[in-house]
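Presented below is the structure to which this report refers.
The values are calculated or read from the model by the stated rules, or taken from the named source; none is laboratory data. All figures in this text were calculated on a predicted structure; none of them were measured in a lab. Here Cβ is always computed from backbone atoms with ideal geometry, including for glycine, and neighbour counts include all displayed protein chains. Areas reflect the complete protein model, heavy atoms only, side chains present, ligands, DNA and RNA absent. Shrake-Rupley method; radii C 1.70, N 1.55, O 1.52, S 1.80 Å.
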Amino acid sequence: MTITTVRAVCPHDCPDTCALLVTVDAGVATAVRGDPDHPTTAGVLCTKVARYTERTYHADRLLTPLKRIGKKGEGKFERISWDEAITTIALRLGAIAATDPQAIVPYSYAGTMGLVQGEAMASRFFNVLGASQLHRSICASAGGTGYTYTIGKRIGTDPEQFQNAKLILIWGGNPIASNLHLWMRVQEAKRRGAKVIAIDPYRSLTAEKCQQHIALLPGTDAALALGMMQVLIADDLIDHDYVARHTTGFEELKVRAAEWPPERVATTCGISAEEVITLAREYGQAALRGEGVAIRVNYGLQRVHGGGMAVRNIACLPALVGAWRNAAGGILLSTSDSFAKNKQALERPDLARPVRTINMCSIGDDLLREASPEFGPKIAALIVYNSNPVAVAPESGKVMQGFAREDLFTVVLEHFQTDTADYADIVLPATTQLEHVDIHATYGHLYMMANNAAIAPMGEAKPNTEFFRLLAARMGFDDPCLSESDETIAASAFDKSNPRAVHFDWESLKRTGWQKLAVPDAPFADGGFETPSGKCEFYSAQMLADGFDPLPAYIPPYESVASNASLGSKYPLAMISPPARNFLNSSFVNVASLRATEGEPHLDIHPEDAARRAIGDGDTVRIFNDRGSFEAKARVTDRARKGLVVGLSIWWKKMAADGKNANEVTSQRLTDMAGGATFYDVLVEVEKK
Ligand SMILES: Nc1nc2c(c(=O)[nH]1)N[C@H]1C(S)=C(S)[C@@H](COP(=O)(O)OP(=O)(O)OC[C@H]3O[C@@H](n4cnc5c(=O)[nH]c(N)nc54)[C@H](O)[C@@H]3O)O[C@H]1N2
Ligand SMILES: Nc1nc2c(c(=O)[nH]1)N[C@H]1C(S)=C(S)[C@@H](COP(=O)(O)OP(=O)(O)OC[C@H]3O[C@@H](n4cnc5c(=O)[nH]c(N)nc54)[C@H](O)[C@@H]3O)O[C@H]1N2
Ligand code: SF4
Ligand SMILES: [Mo]
């Protein structure tokens with residue numbers, strides 16, 4: 001056999017969605033490179049995926065179906081055939097569905113971002129079955145909603161424009177770790193003389209490379225944005241023409257912003273009034289000079305009570321100063337809505353019945369709930385794919401208790417025996433991106449992406465879609481959409497009637513690997529916001545109708561020393577657990593070379609906070625609150641501001657010395673908007689072990 005190169009796509013939950021070139025030698029993938037011709041990938045991969053063959057050919061890959069023979073969580077399994085697995089699952093789900101199919105719950109997130117191996121066939125199956133719906137809110141729903149109220153759609157500055165900016169705010173993101181290819185553009189902007197400012201409670205890898213770092217308290221970003229508005233308005237650093245033509249509610253906003261003078265903001269955010277004033281002035285002055293003034297707002301800041309409102313406030317800033325006029329200005333949260341996904345064809349929502357929706361962030365509580373008129377039936381079965389909830393869902397003491405229920409039937413489709421797979425009744429081996437076909441939209445650039453299968457499935461692994469096709473057939477579901485091939489699904493993924501995707505054609509996309517959407521360079525240079533008013537909404541009537549303050553506001557964290565004094569006296573330290581550079585959520589933790597680089601679970605703590613607790617660098621510490629505890633090795637460092645501890649995540653529990661991770665202490669409380677997770681809204685105490 002000859003050596004071939006196959007065009008593929010990185011499937012991971014990362015905004016960069018890189019174009020890959022896979023070298024295949026005699027049926028074996030020998031190397032994975034970044035496509036040098038794809039403009040955003042530019043031939044560069046992160047440390048994780050540069051070693052992709054290590055993950056694909058890992059000795060621990062699940063290669064056959066398994067059934068549990070030990071206790072739940074113990075990890076003892078024996079091999080079974082696919083036929084036995086499908087028969088067992090069909091019988092069990094059939095029996096539950098005969099009483100109430102809503103007792104069956106899918107649990108999935110973005111293990112793969114592929115539109116085919118993600119929700120397409122799975123959603124069709126669960127819709128026909130009548131299972132509960134899952135609200136996939138664990139990551140971005142709050143910020144996405146706040147942004148949408150303001151700007152209309154998750155559309156923003158083209159990342160390929162960032163190198164032309166003169167001022168860049170990296171707000172609640174750590175792109176060196178989690179958005180490498182945007183960072184490459186930011187670096188280029190810096191080389192061309194741009195100033196880059198990080199707004200982050202933690203001196204992340206990125207913050208330390210910026211010219212300025214504003215280390216505010218977690219969960220206070222909404223107040224900082226209000227303070228910026230106050231200064232911009234007081235100093236008249238406003239693009240009055242843009243505001244008049246393309247925004248709503250400027251007069252009301254003036255009154256609201258006046259409530260947030262720099263001193264008040266400084267106290268709320270734990271920074272100086274000078275920092276607020278200078279930030280606002282530099283921002284407004286550069287924009288009014290017509291320079292590219294870009295905000296990269298990421299999801300870090302919306303994992304708190306007021307996360308939706310915080311993103312909403314920040315999303316108002318570019319319109320105030322007219323930053324959208326310059327293609328290198330504006331704001332970028334996500335590019336998701338630039339893609340004309342054909343959800344109807346992919347997921348067939350028309351097949352769904354009116355059923356309840358389970359929020360994936362409260363799976364801990366919900367697994368432990370009895371049947372009731374409000375809740376509906378007790379959860380009797382969980383089908384988990386593309387996710388590792390026992391490691392990633394909040395308040396994992398409860399999650400584990402739920403998964404340990406003897407009367408719960410759990411199926412897990414996975415590449416590896418994760419913390420979650422240990423609780424399964426049946427574990428099924430899934431193919432990886434190198435072994436199946438898929439098509440991708442992204443949330444960090446503007447290219448439609450095709451993934452060709454590079455190698456044959458390993459062992460008896462099957463694509464997620466094939467599992468659902470087999471199960472549907474065994475359960476007697478005969479809707480033709482339940483037997484559609486992956487290729488057919490991919491070919492329907494984008495809506496050609498949308499002007500952005502008129503040129504979409506699966507056959508040619510497969511050959512080229514990537515194709516840019518037809519979008520303008522500067523999306524809102526002349527307005528055109530897809531809000532109810534067609535304008536950027538400083539005042540949002542929709543928010544009022546939905547029960548929110550219609551104007552930018554500050555919603556304090558649930559758990560902070562300032563917002564909850566009694567909790568704060570018991571647990572005085574705020575804890576955040578943002579992504580580690582060498583892991584992708586909990587994926588890659590089991591790749592030895594990457595785990596070796598991260599070392600072991602750490603907790604960064606400020607020298608003063610450490611001294612007060614007699615904690616020395618390298619000590620093992622216990623981090624705890626009323627929900628639980630976990631252990632980590634202390635790093636005494638002023639990277640963490642005073643009053644804050646940072647545990648980079650997400651470790652597999654079974655690979656930590658104490659069998660636990662940061663989610664022992666995180667909370668199931670939800671964000672202001674769209675039921676999002678509040679992973680970074682947590683108070684803890686830390687003690688030397
Ligand atoms: N290497 C790597 N890359 C990843 C991931 C990963 O796990 N590892 N995860 C992927 C996923 S799922 C996502 S959603 C994306 C985006 O992931 P995000 O969750 O947006 O993560 P980061 O870009 O790491 O940025 C988070 C930053 O926000 C900061 N932060 C925490 N709380 C606050 C706050 O209240 N205010 C402000 N201003 N900052 C705060 C943290 O200190 C951290 O530096 O990254 C993706 N890329
Ligand atoms: N403490 C704390 N917790 C967090 C976060 C945090 O910052 N701090 N971040 C949160 C965020 S932003 C997110 S997005 C979630 C992420 O949570 P998840 O989406 O659960 O992400 P992963 O932990 O990467 O788990 C994905 C799993 O899917 C599997 N997988 C990959 N591809 C396939 C496939 O094709 N088929 C099948 N069947 N399986 C596949 C992988 O092997 C992996 O085990 O975690 C959240 N949890
Ligand atoms: S994880 Fe992100 S940066 Fe790494 S290869 Fe995948 S898309 Fe690119
Ligand atoms: Mo995420």
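Below are the figures for this structure:
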read-out	value
Residues with amide H under 5 Å from that of Leu603, placed H, sequence gap 5 or more	Lys633, Ala634, Arg635
Along principal axes, Cα extents of the stretch 341-496, largest first, whole Å	45, 38, 36
Rg in Å to one decimal, and Dmax rounded to a whole Å, for the stretch 393-442 via C-alpha atoms	14.0, 39
Listed peptides 563-570, 136-143, 575-582 by packing density, highest first (mean Cβ within 10 Å)	136-143, 575-582, 563-570
Local electrostatic count, Asn342, Cβ distance below 14 Å [Lys/Arg +1, Asp/Glu -1]	-1
Value of Rg/Rh across the stretch 618-673 [Cα atoms, Kirkwood radius]	0.99
Radius of gyration, Dmax [the chain; alpha carbons; angstrom]	24.6, 72
Proximal charge balance of Thr23 [Cβ under 13 Å; K/R count +1, D/E count -1]	0
Segments 314-326, 186-198 sorted - mean Cβ within 10 Å per residue, highest first	314-326, 186-198
Free-standing Cys residues across the chain, given no other cysteine C-beta under 4.7 angstrom	Cys14, Cys46, Cys139, Cys210, Cys269, Cys316, Cys361, Cys481, Cys536
Centroid-to-centroid separation of the stretch 160-191 and the stretch 541-575 [C-alpha atoms, Å]	30
Amide H contacts under 5 Å for His135, placed H, 5+ residues apart	Ile358, Asn359, Met360
The chain - accessible surface per residue (Å², probe 1.4 Å)	34
Whole-Hz couplings from phi, Karplus 6.51/-1.76/1.60, listed for the stretch 327-342; x for Gly and Pro	4, 8, x, x, 8, 10, 9, 7, 9, 3, 7, 5, 7, 8, 5, 9
Spherically averaged projected area of the stretch 253-361 from its Cα convex hull (nm²)	10.4
Alpha carbon convex hull of the stretch 1-127, volume per residue in cubic angstrom	169
Accessible carbon and sulfur surface of the stretch 565-688 relative to its total accessible area, %, 1.4 Å	48
Accessible area of the stretch 200-275 belonging to carbon and sulfur atoms, whole % at 1.4 Å probe	53
Translational diffusion coefficient (Stokes-Einstein; Kirkwood radius from C-alpha pairs) of the stretch 474-560 at 20 °C, 1.002 mPa s, in µm²/s	119
From phi via Karplus (6.51, -1.76, 1.60), per-residue ³J(HN,Hα) for the stretch 46-61 in Hz, x at Gly/Pro	6, 4, 6, 8, 4, 9, 5, 5, 4, 6, 5, 9, 3, 4, 8, 3
Test item: Cα-centred dipole of the chain, Lys/Arg +1 and Asp/Glu -1 on Cβ, debye	820
Overall dimensions of the stretch 298-398 as given by Cα atoms, namely Rg and Dmax in Å	19.4, 55
Euclidean distance of C-alpha centroids, the stretch 45-68 and the stretch 440-474, integer Å	15
Long-range HN-HN contacts of Ala430 with modeled amide H, under 5 Å	Glu414, His415, Lys462
Options Met575, Ala596, Val665, ranked by Cα towards positive dipole end of the stretch 565-688, top entry (Cβ charges)	Ala596
Simple Cβ-charge dipole of the stretch 565-688, Lys/Arg +1 and Asp/Glu -1, about Cα centre, in debye nearest 20	120
Lys, Arg +1 and Asp, Glu -1 on Cβ, resulting dipole of the stretch 324-392 about Cα centre, debye, nearest 20	240
Residues of type aspartates and glutamates that Lys48 reaches as a straight line, Cα spacing below 14 Å, ignoring anything fewer than 8 places off in the same chain	Asp13, Asp16, Glu598
Total formal charge among the other residues, if their Cβ is under 13 angstrom from that of Thr268, Lys/Arg +1 and Asp/Glu -1	-3
Rg/Rh ratio calculated on Cα atoms of the stretch 565-688 (Kirkwood radius)	0.96
Residue-level accessible surface for Glu600, protein heavy atoms, 1.4 Å, Å²	80
Anisotropy class of the stretch 72-134 from Cα gyration tensor, a/c 1.5 cut	oblate
Cα coordinate range in the stretch 416-492, projected on the principal axes (Å, largest first)	40, 34, 25
Over the stretch 1-71, equivalent-ellipsoid semi-axes from the Cα gyration tensor in Å	28, 17, 9
Descending principal axes extents, the stretch 517-598, alpha-carbon based, whole Å	51, 47, 20
Given Lys254/Lys642; Lys209/Lys653; Lys190/Lys633; Lys398/Lys653; Lys190/Lys510, the pairs whose alpha carbons are separated by over 24 Å	Lys254/Lys642; Lys209/Lys653; Lys190/Lys633; Lys190/Lys510
Cα lying deepest toward the dipole's positive end in the stretch 565-688, options His606, Tyr680, Asn585, charges on Cβ	Asn585
Rg/Rh for the stretch 147-305, where both radii come from Cα atoms and Rh is the Kirkwood radius	0.94
Accessible surface ranking that places the most exposed of Thr220, Thr148 first, with a 1.4 angstrom probe	Thr148, Thr220
